[in-house]
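Undergrad: Take a look at the following structure, please.
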C-alpha cells in the first residue's frame, strides 16, 4: 500500500506500519510502500513508538510524505545523578565501558 492511500483511509491520526519498500537519499529514508498494521490512538502513540518491532514505524498521517531522518552517529543520552545506562544499550550502539578508568569508548 502506498503512503498516500494510508493517509486517505486514516486522515489525521497515528498509524502503525510495516515498511515494505523505501529509497535512501543522503540522510533520509523515504518510505514508498507500507503494510498497515493498525491505527494507533493518540494517547498510545508515544508508548507504541518506543516499543515497535524492527521494520515497523509509528507515523502520523498529517505528514505528506513518510520520511525517516537517519543519524550516522546516534546520540547517546545519559542522566546524571540517579540512574545508569543499561549495558545492553551501550552494546547496541557499539560502545565499550572501561570500568577501571570509568571511560566510554566506541568499539
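Throughout, read-outs are computed from the coordinates displayed, never taken from laboratory work. Computed from a predicted structure; not experimentally measured. Every residue, glycine among them, receives a Cβ derived from its backbone with ideal geometry; neighbour counts consider all protein chains shown.
Undergrad: Rounded to the nearest 0.05, what FRET efficiency do residue 12 and residue 106 give with R0 = 35 Å and r taken as the Cβ-Cβ distance? Could you check?
TA: E between residue 12 and residue 106, to the nearest 0.05, is 0.25.
Undergrad: Arranged from highest to lowest average of other beta-carbon atoms within 10 Å per residue, in what order do the peptides 15-22, 57-64 appear?
TA: So the order, starting with the most tightly packed, is 15-22, 57-64.
Undergrad: What are the extents of the Cα atoms of region 3-69 along their three principal axes, in Å, largest first?
TA: 33, 26, 17
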